[in-house]
């Protein structure tokens, strides 16, 4: 029980520190949110009234205390750029990112681990070289460029996938938004045409993000597999006549799963932060784009609200990973 | 490669083919829906009393009506919107409007004089960004209720406290902020004293040919047809503004037929699309003007306050190179403060790049080794224009240092007069010459309004008197002549260098007919659009 209270306390302190740092950074930027809202031509009276309305006429520490007080009461404030409550903005944009990141990590994680196994089992061979090239491309190719290129090829030329956006216009706004995740909502609606359309739209951005994350996952898996294969227990198993299949699935994989789960969870956390460039190229209305637009508008409540959500996601994912890893390997129990 | 590896690859290939096969082929946009691909990230509010960004401006003429409006195809012609006719008072201080019989809002509520009074009182009392336009009429929260009143069930009287002519007052009433909203609908959504502003930010209550059906910030805006609009039923059932922030993605969408109209494509993208089957590129003159402002009040660089430097600067701009080579036909050279197409605009472009002449002017004035900082927004085309200016000013022996900043910082500096020079753009706020004249040709020092002339430190009581005389003038021909004189004076003697007027290049699918766009930002009309 005490451990749980400690965990909650450290969680709250961590989030408060995160808010404080983000708040400080938003005020270093030279963007004037008032001009962004009222425009260049507004009279001084209108400018001053808006400034007061946003609370920007108060000293910075007071502004932060007022905001922190609101957050503690469960109120994330109103976005200065959308005019909507930040909470409702986040409820709208986060599911889009969550859905995209989840599909991407399922593909990236599966392929990454698979490719890492291939490379680790046949080091130095053509499979290893192939995986190395794929990883290198994943690390080095700018994701913005990769997104545009894939759109050009698979959407514009080959017509294999849907274009930018989450749905074709024919289906957009015809499906009731229950969860905010278009795959689930279209499935629940029973309109299989809309569901297939949603798949065709999510496929490309998810594959691009998957490619990006599988690079890291496959390299780590390869290294872990190679390390395990060189250990004495594997040599003993081989000497006792164990086949390759048994060695991999009964011995190697169980021993590397903690590291693999950790790296997959980290990649997932990065994707949940919002893949800004991917969301921009694919017109995907997720939290990455929302935060970027908010930052350019110096929209402090939106930036802080978004940061808070991402911070909570990170902490939850880390905690879950620690629990899972601890469950799999008692030596690593938190 | 062994047999097993081949088998694995074949299985993977079959899986990919199966997955791809189950995906739908691309669908063209429905015949009764117009899809517009553009960035709608700028939208803050769709309340006509508040919205002052490009995206809301593109909707206002389609969602709301004013008493009087500019003609969609000829912006210089004024015509009745909700008003059937109007009569000016003998004292020149008010106009009485007769409302159209049977006009209804999208809600089904009839349009009443009370709605007009409510709309004007609401916009004035809310005091949001565009209220400065109504303030040209002398409207203030404390006097508005005495200036606008119901006469009878079909007439409303609109008066003004400012010393202006009725033609100018009519021009002000064509601005989006003068839109007539449905009082019953809006008031039912009011919270406290917000006049329904929170609700109207994302909803609509007008009598235009469309109404807002759905709005998801940063995602999409859906307008639905209003078949009972007094302006007539539109030809498409809905217009969808799809938010596509990346210009390359917009290009792909229009090329594939997944969008019917695409805006804000780069010069290279437009060039590559021109001539492609199914694509039409239309260039509409825009009222946007790009200019350089020199802060003559800046004491750090004394040369900036010298009229000889202003004159030399006009000969140190490569007008032709910027308009036709650098920006590839997205602009035309235009050297006065009224855009072509505006009543009273002159089309005289007396300046060309002439470094020798500029050098002679500077030498005669004793100005040597002038160095100054040009602040610009860190977005194209201003960064490109700044580089061109840097090169051409160097030819005249003037060193120009570029300071790129975010737009809001640039405007903050201008408002505080804390800059040396800046290159930026200007849009008129309503369709009348005074919109620009009051900004560029009106400066009475710190005692007067903080206009663009004030920002340039340009104190011009005589020209300001001329500008005022032009606003009061009732005769359109005399007004135009007065504005001609003012423009020539500003062109010749101000610390403002007018360079370009934009052309708005819009890409459409060739089956889209009837799209109309005028010179001003709000003059976008979807009512006659149909797809063949």
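FYI, it's all coordinate maths here, none of it is from the lab. Everything numeric here is computed off the predicted structure, so don't read it as measured data. Don't worry about glycine lacking a Cβ; one is built from the backbone with ideal geometry, like all the others, and counts go over all protein chains shown.
One table, with the values for the structure above:
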item	result
Taking B:119, B:248, B:388 and counting other C-beta atoms within 10 Å, the order from fewest to most	B:248, B:388, B:119
Helix-only mean residue ellipticity at 222 nm for chain B, each DSSP H run of n ≥ 4 adding -39500 (n - 2.57), per residue, nearest 500	-9000 deg cm²/dmol
Percentage of interatomic Cα-Cα distances in the protein assembly as shown larger than 36 Å	55
Kirkwood-based shape ratio for region B:154-209, expressed as Rg/Rh from alpha carbons	1.05
Spin-label model distance (nm) - residue B:84 vs residue B:149, 7 Å beyond Cα toward Cβ	2.4
Angle in degrees between helix A:44-53 and the longest Cα principal axis of chain A, rounded to the nearest 10	50
Where the Cα pairs of region B:352-509 fall when distances are cut into 10 Å bins, in %	9, 31, 35, 20, 4, 0
Distance between modelled label sites at residue A:9 and residue A:88, nm, 7 Å Cα→Cβ extension	3.9
Normalised convex hull volume, region A:172-273, alpha-carbon set, Å³ per residue	138
Relative exposure of B:264, B:320, judged by other C-beta atoms within 10 Å (fewest first)	B:320, B:264
DSSP beta bridges in chain B [antiparallel fraction, %, rounded to 5]	75
Tilt relative to chain A, helix A:126-140 - C-alpha long axis, 0 to 90 degrees, to 10	10
Over chain B, relative contact order from alpha-carbon pairs under 8 Å, at least 6 apart, %	19
Stokes-Einstein D for chain B, Kirkwood Rh over Cα pairs, 4 °C, 1.567 mPa s (µm²/s)	51
Region A:2-72: Cα Rg divided by the 2.2 N^0.38 Å rule of thumb	1.49
Principal axis box of region A:5-120, alpha-carbon based, largest edge first, Å	67, 41, 26
Projected area averaged over orientations for region A:86-162, convex hull of C-alpha atoms, nm²	7.1
Ranking of A:251, B:189, B:58 by count of other Cβ atoms within 10 Å, fewest first	B:189, A:251, B:58
Per-q log10 I(q)/I(0), region A:86-332, q = 0.09 Å⁻¹ (Debye; single scatterer per alpha-carbon; no solvent)	-0.47
Using alpha-carbon coordinates, inclination of helix A:287-296 to the longest axis of chain A, degrees	40
Region B:109-250: Rg to Rh, with Rh as the Kirkwood radius over Cα pairs	1.01
Simple spin-label estimate for residue B:140 and residue A:319 in nanometres, 7 Å along Cα-Cβ	5.8
Computed over region B:316-406, Kirkwood Rh from alpha-carbon pairs, angstrom	14.5
